[in-house]
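J.: Have a look at this one.
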Amino acid sequence: MRLTVLASVTVLACVLLPVPALAAQVPDGWYVTSNFKDVPTGYTGDGGLFYFHPRTPTSVTVVTGLGPDLTGAGSSGGVGASAVLLRPSDGALLVGETTNLAPDDLDLHLIHLSGAAVMQDVKYNLGTNTTGWCQVGQAALLPNGDVLVAVEEVEAGPLANETLGLVNLTTGVVTPVPVTGLPSAIVTTNALAVHPSGTVAYVGFHWTGVYARIHTVPLPAGGVGVWEGTLPSGVLNLAYDNANSRLIAGCNSTTDLYAFPVNPSNPFDLGSSTTIPNNTGSGVNALAMETVTGNLAAGAGSGCWLIKPGGTASPLTGGPPSGWGVLAGIAVNPNPKTYGIDTPGVNTYAWQLEPNAGGLPTLGNQAFSLTISGSPGGAPGEYAVSERPANMPYQGITLLIDPGQILRREPIPRSGVIPLALPVKSAYLGRKFYVQTVHQEPGGLASSDGVQFTIM
């Protein structure tokens, strides 16, 4: 029997609260890379920011309007973008620099795009190098919106002689995160990941030219850096695999990746690593999780690769024809992704997107689906698909889809898996859709947060 928990909701369309419009950013589901200009005998092309489709990258879009501090234009090399994050809430890019100019500022950039052009670039100064090279080795977003940066060779300013620092993007304050107990043999702070709780940093250090170590550091206060893992050569990047509770590392003298299991009850505790062989042909210099599928987006050599959980690697792109320097960082814009706030009842309802059993919303994906689950239990309900988001009160819940633009409204299958076979017509590329579930519980209505997906 058809449920009617959303009955008469369309009459409330006139009280829709405003939904802020965002400027165009990296398209949903796509990859974005941070690159720096290489020395004249190395990889060709200036650095900067580049984005492309994660499965069929017929071309690479070059972000325009970046300064020479992120492209290396006009330099002899060793200058540009070294690390990149994508903030899922609004698509903004957070980009760290590398520079071998001296003296020179080392900055973290908060960048908003309009199309492929820079609309706004806000800089947060991390310090200055006075005698030689310095870099942001890698960065990570914390649950509270702050950015943790791993820096190297900063000689003056907020993070002088520090390993880690926190950047508050609202106030602009840059705060050192002290790390103690590190041996003097450490050469470079080169890699960083953060546990989803935001309480533990995993920091990768070049130990000597032969091997590297991973240390855990408590956040946000800092403290003793405890040695938890060893790698056979210099660490290049770290990524946290939330779905499998493991830390993945790439090294500079082997194509292999190394996965360290993380103790679910103690995120400071790393187990012994297992090797993930792959066929990239070069050390993996950039690494990010494609959380929707569990795959890895990786930079190796001069190109970008898709690496399956078992290690099979498929080449995606070698960059634009003019080159793109050294691929140093990579980030993924999740698709689908959640938005808004759920309204719990006796049960809480959440989307299962890491990974999403229905995969990516690619054009013609007949198996695409979304999965909703309840905790500790669940009640019957409906899902609805709309062409527009909303934010409006309705019988004690917050409705996050526009009831005047609903395309489908059906009972939720008992399995919680909502089938959403996607069309094959190219006219649907780039179309956005919004989904929410509403449940009839003994005390009234409860609802999930919203989930947005874009056909890509």
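J.: Could you work out, for region 80-180, what percent of all Cα-Cα pairs fall into each 5 Å distance bin, beginning at 0 Å and stopping at the bin that holds the largest distance?
T.: All Cα pairs considered, the percentages come to 3, 14, 25, 25, 18, 10, 4, 1, 0.
J.: Here is a follow-up. Go ahead and run the numbers for FRET between Val39 and Gln440, Cβ-Cβ distance against an R0 of 60 Å, rounding to 0.05.
T.: After rounding, the FRET efficiency stands at 0.40.
J.: Calculate one ³J(HN,Hα) per residue across region 109-116 by plugging θ = phi - 60° into the Karplus curve 6.51 cos²θ - 1.76 cosθ + 1.60, and present them in order as whole Hz with x for glycine and proline.
T.: 10, 10, 10, 10, 10, 10, x, 9
J.: Let me ask something else about it. Which one, Asn100, Tyr211, Ala427, is farthest towards the positive end of the dipole of the chain when Lys and Arg carry +1 and Asp and Glu -1 on their Cβ?
T.: So the residue we want is Ala427.
J.: If you count, for each residue, the other Cβ atoms within 10 Å and average over each peptide, how do 442-455, 406-419, 221-234 line up from highest to lowest?
T.: Highest to lowest by the protection proxy: 442-455, 221-234, 406-419.
J.: Where Rh is the Kirkwood radius over the Cα pairs of region 220-302, the temperature 10 °C and the viscosity 1.306 mPa s, what D in µm²/s does Stokes-Einstein return?
T.: Answer, rounded: 118 µm²/s.
J.: Which log10 I(q)/I(0) values, to two decimals, does region 367-456 give at q = 0.11, 0.12, 0.18 Å⁻¹ under the Debye formula with one point per Cα?
T.: Per q value, in the given order, log10 I(q)/I(0) is -0.31, -0.37, -0.81.
J.: Would you mind pulling out the separation of the Cα centroids of region 236-303 and region 389-426, in Å?
T.: Taking the Cα centre of region 389-426 as reference, the centre of region 236-303 is 35 Å away.
J.: Related question: Let's see if you can work this out: charge +1 on each Lys and Arg Cβ, -1 on each Asp and Glu Cβ, no other charges. What is the dipole magnitude of the chain about its Cα centre, in debye to the nearest 20?
T.: Here the chain has a charge dipole of around 1340 debye.
J.: Modelling each spin label as a point 7 Å along the Cα-to-Cβ direction, I'd like the Ser282/Ala357 distance in nm, to one decimal.
T.: In this crude spin-label approximation the distance works out to 3.9 nm.
J.: Determine the relative contact order of region 31-332: mean sequence separation of Cα pairs under 8 Å and six or more apart, normalised by residue count, in whole percent.
T.: Over region 31-332, the number comes to 15 percent.
J.: Sort the following peptides by mean Cβ neighbour count (other Cβ atoms within 10 Å, averaged over residues), highest first: 346-352, 29-35, 235-241.
T.: 29-35, 235-241, 346-352
J.: Towards the positive end of the charge dipole of the chain, with charges on Cβ (+1 Lys, Arg; -1 Asp, Glu), say which of Trp324, Leu257, Ser386 has the farthest Cα.
T.: Ser386
J.: Would you mind telling me the antiparallel percentage of the DSSP bridges in region 142-241, rounded to 5?
T.: Once the DSSP bridges in region 142-241 are tallied, antiparallel ones form about 95 percent.
J.: Calculate the FRET efficiency for Ser89 and Arg55 from the Cβ-Cβ distance with a Förster distance of 25 Å, rounded to the nearest 0.05.
T.: It comes out at approximately 0.50.
J.: While we're on this one: Would you mind getting me the FRET efficiency between Asn161 and Thr199? Use the beta-carbon distance for r and R0 = 25 Å, nearest 0.05.
T.: With a Förster radius of 25 Å, E is 0.50.
J.: Regarding the chain, what are the three Cα extents along the principal axes, ordered largest first, in Å?
T.: Result, largest extent first: 71, 46, 43 Å.
J.: Need the C-alpha centroid separation for region 105-133 versus region 170-192, integer Å.
T.: 19 Å
J.: Here's a follow-up. Points 7 angstrom from Cα along the Cβ direction at Ser415 and Phe268: gap in nanometres?
T.: 4.3 nm
J.: Please name whichever of Gly157, Trp133, Ala300 sits farthest to the positive end of the charge dipole of the chain, dipole taken about the Cα centre and charges placed at Cβ: Lys and Arg +1, Asp and Glu -1.
T.: Ala300
J.: Just how large is the dipole of region 50-145 about the Cα centre, in debye to the nearest 20, putting +1 at every Lys and Arg Cβ and -1 at every Asp and Glu Cβ?
T.: In debye, rounded to 20, region 50-145 gives about 320.
J.: Give me the base-10 log of I(q)/I(0) for region 324-413 at each q in 0.13, 0.19, 0.21, 0.24 Å⁻¹, Debye formula, one uniform scatterer per Cα, rounded to two decimals.
T.: -0.56, -1.10, -1.31, -1.57
Each value in this text was obtained by applying a stated rule to the coordinates, not by laboratory testing. All figures in this text were calculated on a predicted structure; none of them were measured in a lab. Positions of Cβ are backbone-derived with ideal geometry, glycine not excepted, and every protein chain shown enters the neighbour counts.
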